[in-house]
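Please read the structure below before turning to the comments.
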Amino acid sequence: MGSEVLLVCICVPLFGSFLLPLLGMINIKLRNAAALIFTATAFVCAALALPEVLAGTPLSLHYELPLGLSFGFYADVLAVFMALTSSLVATIIVIYSFEYIKEYDHQNEYYMMVCLFIGTMMGLVFSTNLIFIYIFWEISAICCWRLIGFYREEITIRRANKAFIVTVVGALIMLVGFVGIYGQTGTFDLAAMKGTHLPAWIVILILFGVLSKSATFPLHNWLPDAGVAPSPVTSLLHAAVLVKIGVYIYARLFVNSFEIDKVFTVAVPIIAAVSALVSAGVALRENDIKRIIAYSTISQLAFILLGLSSGTEIGVLGGLLYILMHSVAKGGLFLCAGIVEHTLHTKDITKMGGLYKGMPLTALAFLFCAFSVMGIPPFGGFFAKYLVIDGIISAGNVGLGAVFIAGAVMTVLYLSRLFIKVFLGETVSDAREAGSPVMVASVVVLAILSVALGISIHWPSGFASLIGGGI
Amino acid sequence: MQVIEYTTLLVFAVPLVILLINILLPRQLAEKSSIGLAYLAPLVQIVATAAGLVQIAQLKQHEFAISWNLAGAVSVRFAVNVFSLVLLFCIGMVTLAAIMVANRTVPQKRAGFAGLLMMLIVGMNGMVLVTDLFSLYVFLEIVGISSFVLIAMFKSDTGLEGAFKYLVMSVLASIMILTGLAFVFMQTGSLQYDQVGAAGGALVGPGAPHLALMYTAMALMIAGFAIKTGAVPFHSWLPDAHQSANTAVSVLLSGIVIKIAGIYGFIVITNFFGRLPGIDLTLALIGTVSIVVGALFALRQSHFKRIVAYSSVSQMGYILLGLSTGSVLGLLGAVAHVFNHATFKSTLFTNAAAVHEQTGTYDINELGGLEKKMPVTSFSSLAAFMSTAGIPPFAGFWSKLLIIMALWNSGDWVFAAIALIASIFTAAYFLRLQRKVFFGKLLDKFAQLTEIGGSVKWAQIMLTVVTIAAGLLFPFALRYFGGIGIL
């Protein structure tokens, strides 16, 4: 398989997205099919690149430009791992969207932005140049902005603007850091500066970008507010894929490319610990189903960041597995929440209860995904959580390990509370299984994946350990 | 004869001939046909400069003279290099957009508009091509006078205040620049660029003579060109002039006039005197203050055109920052930003015209949810604003990046960081305008609204295509400049 497969993987969704509004004017079914094909193309191409990458021959494309602004794509195990994870979840979410948003305005823009976002994500994970990483980073912010504002209410647009401003501020500060790297090395090319030691101030500047995109304390505020978006959007952007950009860049830069000071193996985990505890605490108190899951996302992202920043191979392995498990399970949770919201037309969990009777499949899927997020064996999330905490403890930080175990306990508490309030107890409404078969099937697939990835853990962990070994 | 010679001849000859025809035609006929005829000048200019850009890659620089002997003492010499060609291209592009807008927004005095526009084009082309400071001043005056009349001639709109303010400030600037020129002449004994440049170089270092005179000259010229640019603290005329001008004239004014009349003056100054201690810092400070203050003022406005005008003030700051580095990279960044700003600012004023034509108001508080009814206007304003805010992949990102890199290379990392992070103010006022005007629920009173048609719509499409294409293809532009040996 030649390196061109990377170009197909990136360009088909990236440029194909602009065809979708045109197709939408002709025929809605055609547009939906095209959106699905473009998204699935990304997944298929990433999968096609897999055998060679696993065999130890990374695919690469490279064009030299003046000023160290080379343009290139590079597929190593880490990139392909991220690409597969994102495009898999994205494909399922696109299928789910067919039913979910069919009754709203602005569908053409919706599919265009979703598809553009997938292309952007592929471009971001394969880029070899800091400037192109930044470019894709910002395109994803534009998609995020339009998609949060999907319903066009005053409040949704204010929230969309907030998300845009926070992430763009973070990205701009990060860009200052990138230019600082350029000042030091004279290039933006990641391969050319591999192994450079970065001064602390540059790391801190880049961390602003990472923390804002991955919604980690203290730049986490936009994520719960972004829950005003349609549920598939929340699922795709604010649980499964977009928020992983930050931690991916952390892995790409600070684990894979540069050397950074030892102090960050303590400082970043402490930030993560604060983030995990604070957001888990808020999740216990919230009554809005999507805000609870959003705060849970913030909390789980902190676990990923912890693993990647622990400085141990086992922690990094755990962090990477966590990205996969969390994408699948949290994506599933948001989609379930979407079905619930779609049925009851409310997001307030105090007005819900006993939904298990009406929608057993959704309830079960929710439960499975929740188990994975909680870290109950044998669900996938368990292994990731275990490895992350093992990683920080083997780095010698027993105290932080204990904090994160507390965080994990809180996860169990708030997700159990959510499940009990929504699906068990007194029946407050007589909702039948109102989620359409397509929507229910999507969440069931994600739930099954959560179990399957856990039971056959040797496969994803072998994959992820290849990345860890490569590092 | 080489292509480039046609280029340089055509950019003077075509507008002058059109001006002549415009005057000679009978009044009735001129009113009808003048706008159509005027299209010719920018179109020829765009094609000619594009051809010139292809050829200059081999020539680097080309000199020519009109009417006079090239070697003679009193000749007016003209020269083109790659940067002036880019500027000429911008002039062509913006005037084309302005004519397309004028076709709709200028119901009467069309012949007068077209004639003045031709004069303006000649003035701007002349400024970019001359090789001595005095001729620069002469063409600057042509630009100043014709743009004053353009602003004032449609006084039915909102009165003369803005135009009058512009006239006063502009004349003040001219006097300052002329006095500064006199001082430079006293110091160097010549106003030819090459001799001034040599004299400027000799002024650097300890024991240089008459520095006080030189600094007075610099202070006067910087202040003069800063007024023409609309940089803070000399910006107050710009929003008023825009508010009272016809929108087609606004396109011209913000799109190109402030850049040629103001920024090009700074390019000349920094080219020759940039190494005088303190000049770079002055420019950098004016630039930084303009960026921040302009953007903050834009946040408070509710008049569509005033927001865009203050945005111009802010963007001029980036160009000044690029020039303050004195490096080729900085100059390239500045010229690239001139190009990008010409594109996206013309787009925004075109959008203002479209919104005003269709809804009858410029007040953003009275608008809402227009994207559904005016998709072209909405999308082009989105692309233009993204480009203004320097959000990739739109073109504005690249020129800002070059400016930031140039600043960083010359050690001004504080300014680089401020300039980058100040982009967020740009994003803030643009999000506010988008939310109030386009993004949101359609107000009931606009249920019957339709998209603008005709030439204005085509202007929007053309400019948006340029913005997006420039953003996506900028790496090729970098390769082009690298190929010439500039990078």
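Bear in mind these aren't lab numbers, they're just calculated from the coordinates by the rules spelled out. Predicted model, so just to flag it, every value in this text is computed and none were measured. Backbone-built Cβ (ideal geometry, glycine too); neighbour counts: all protein chains shown.
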request  = Within 10 Å of each residue's Cβ, count the other Cβ atoms and sort B:MET214, A:MET121, B:MET386 from fewest upward.
outcome  = B:MET214, B:MET386, A:MET121
task = For n ≥ 4 DSSP H runs only, could you compute -39500 (n - 2.57) per run for chain B, divide by its residues and tell me the 222 nm figure to the nearest 500?
result = -25000 deg cm²/dmol
request  = Let me know the number of lysine pairs in chain A closer than 18 Å at the Cα, not counting same-chain pairs under 8 apart.
outcome  = 17
inquiry  = Only four residue types carry charge here, +1 at the Cβ of Lys and Arg and -1 at the Cβ of Asp and Glu. Report the dipole size of region B:278-487 about the Cα centre in Debye, rounded to the nearest 20.
reply    = 360
inquiry  = Stokes-Einstein diffusion coefficient for the protein assembly as shown at 25 °C in a medium of 0.890 mPa s, Rh from the Kirkwood formula over Cα pairs: what value in µm²/s?
reply    = 83
note = Shielding of A:171-184 by other chains, given as the mean Cβ count within 10 Å, works out to 5
message = Sort B:245-252, B:49-56, B:25-32 by packing, meaning the average of other beta carbons within 10 Å per residue, with the highest value first.
response = B:245-252, B:49-56, B:25-32
remark   = Final fewest-first order of A:TRP459, B:TRP413 on the 10 Å Cβ neighbour count is A:TRP459, B:TRP413
query = Please state the relative contact order of chain A as a whole percent: Cα pairs under 8 Å, 6+ residues apart?
reply = 14
Net dipole in debye of the protein assembly as shown [+1 Lys, Arg Cβ; -1 Asp, Glu Cβ; about Cα centre; nearest 20] = 1260
key: For residues of A:145-156, the mean tally of beta carbons on other chains within 10 Å   = 2
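Report, as an integer, the average count of C-beta atoms from other chains found within 10 Å of each Cβ along B:471-479.
2
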Solitary cysteines of chain A, where the nearest other Cys Cβ is not under 4.7 Å = A:CYS11, A:CYS115, A:CYS143, A:CYS144, A:CYS336, A:CYS369
ask   = Listed highest first by mean packing, meaning other Cβ atoms within 10 Å per residue, what order do B:426-433, B:14-21 come in?
value = B:426-433, B:14-21
ask   = How large is the charge dipole for region A:263-471, taken about the Cα centre, if only the Cβ atoms of Lys, Arg (+1) and Asp, Glu (-1) carry charge, to the nearest 20 debye?
value = 220
task = Could you tell me which of rounded, prolate or oblate describes region B:194-353, using a ≥ b ≥ c as the square roots of the eigenvalues of the alpha-carbon gyration tensor, with rounded for a/c under 1.5 and, failing that, prolate when a/b is larger than b/c and oblate otherwise?
result = prolate
task = Going by C-beta contacts inside 10 Å, put A:GLU154, A:GLU109, A:GLU138 in order with the fewest on the left.
result = A:GLU154, A:GLU109, A:GLU138
ask   = With helices defined as uninterrupted DSSP H runs, which ones in chain B have an alpha carbon span along their own long axis of at least 27 Å and mean Kyte-Doolittle hydropathy of at least 0.5?
value = B:3-24, B:40-59, B:82-105, B:110-129, B:133-152, B:161-188, B:279-300, B:304-324, B:328-359, B:413-433, B:454-484
task = List the relative contact order of region B:278-487 as a percent without decimals, with contacts defined as Cα pairs under 8 Å and 6+ residues apart.
result = 28
query = What shape does chain A have by the C-alpha gyration tensor, where a ≥ b ≥ c are the square roots of the eigenvalues, rounded means a/c under 1.5, and otherwise prolate means a/b greater than b/c and oblate the rest?
reply = oblate
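So for region B:278-487, if I pair up every lysine 8 or more residues apart or on another chain, how many of those pairs have alpha-carbons under 14 Å apart? Could the numbers behind the result be given before it?
Values: B:LYS305/B:LYS345; B:LYS372/B:LYS436; B:LYS372/B:LYS441; B:LYS372/B:LYS445; B:LYS373/B:LYS441; B:LYS373/B:LYS445; B:LYS373/B:LYS457.
Close lysine pairs found across region B:278-487: 7.
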task = Counting helices only, and only those DSSP H runs with n ≥ 4, report the 222 nm mean residue ellipticity of chain A as the sum of -39,500 (n - 2.57) divided by its residues, in deg cm²/dmol to the nearest 500.
result = -24000 deg cm²/dmol
inquiry  = On the principal axes of its Cα set, how long, how wide and how thick is region B:363-487? Give whole Å, largest value first.
reply    = 55, 31, 17
request  = May I ask which residue of A:ALA163, A:THR187, A:LEU175 lies farthest towards the positive end of the charge dipole of region A:149-195, with charges of +1 (Lys, Arg) and -1 (Asp, Glu) on Cβ and the Cα centre as origin?
outcome  = A:ALA163
